[in-house]
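S.K.: Take this structure, written in structure tokens, and hold onto it; I'll ask about it next.
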Amino acid sequence: MISGTNGLLGAADGAFLLQKEKRTSNAATLEISGRDQQDQKLYLSRNPERLIWELEKAETELWKEPPEPLLEEIAKHINADLPEWQGTPTELVALLAIDIQPNALTKKLNVNAGRLFNEYGIRYENSRSHDGRKVSFQLVQA
């Protein structure tokens, strides 16, 4: 347990607290709290053969990010028919037919590049040369 009198939890961004009913028990609860994550309580059981904790159930639903319309629109255009695309941010705005400034578009893509790859299998790259800024997309996973 974390003692509140020492201020330890107040100085940390989050905490994971694993508690067992008895020392020899194979059942435990993992309580998660913190600034950057949703408070959760997970019920675990210890697998004695593999020596790992397995999730039995979660008291609360795990948080999922809401869908990002920009990423969905890019995934509509970058698919098996057109697995690669390269051009300027202005050309990308015209291709997607969305109302956003090209510099705001690249900023948003830079922030969501990992999500674009993880959710849609599309690799995003942004480069600048003396010719100007170029963005490129490549479908990695179909």
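The values are calculated or read from the model by the stated rules, or taken from the named source; none is laboratory data. These numbers come from a predicted model, not from an experiment. Reconstructed Cβ throughout: ideal geometry from the backbone, glycine too, with neighbour counts over all protein chains shown.
S.K.: Can you tell which of 133, 46, 35, 23 is surrounded by fewer than 12 Cβ atoms within 10 Å (Cβ to Cβ), of a type in the set (Lys, Arg), modelled with pLDDT under 95 and more than 24 Å from residue 13 (Cα to Cα)? Spell out how you get there, then give the answer.
M.R.: Details: 133 fails: surrounded by fewer than 12 Cβ atoms within 10 Å (Cβ to Cβ); 46 fails: surrounded by fewer than 12 Cβ atoms within 10 Å (Cβ to Cβ); 35 fails: more than 24 Å from residue 13 (Cα to Cα).
Unique residue meeting the criteria: 23.
S.K.: Report every pair of residues separated by at least 6 positions or lying on different chains whose Cβ atoms are under 7 Å apart, first residue within segment 92-109 and surrounded by 12 or more Cβ atoms within 10 Å (Cβ to Cβ), second of a type in the set (Asp, Glu) and part of a helix (DSSP H, G or I).
M.R.: 96/73; 98/73
S.K.: Look at residue 137 and say whether it is aromatic (Phe, Trp, Tyr) and under 30 Å from residue 39 (Cα atoms).
M.R.: no
S.K.: Please enumerate the residues belonging to segment 38-50 that are in a loop (DSSP other than H, G, I, E, B) and closer than 13 Å to residue 25 by Cα. Don't jump to the end; show me each part of the working.
M.R.: Taking segment 38-50 and keeping what is in a loop (DSSP other than H, G, I, E, B), we get 38-39, 48-50.
The one that is in a loop (DSSP other than H, G, I, E, B) and closer than 13 Å to residue 25 by Cα: 48.
S.K.: Mind checking which residues of segment 51-60 are outside any strand (DSSP E or B) and surrounded by 10 or more Cβ atoms within 10 Å (Cβ to Cβ)?
M.R.: Applying the first criterion (outside any strand (DSSP E or B)) to segment 51-60 yields 51, 59-60.
Residues satisfying the conditions are 59, 60.
S.K.: Please find, among 126, 118, 110, the residue that is part of a strand (DSSP E or B) and of a type outside the set (Ser, Thr, Tyr).
M.R.: Working: 118 fails: part of a strand (DSSP E or B); 110 fails: part of a strand (DSSP E or B).
After ruling out the rest, the residue left standing is 126.
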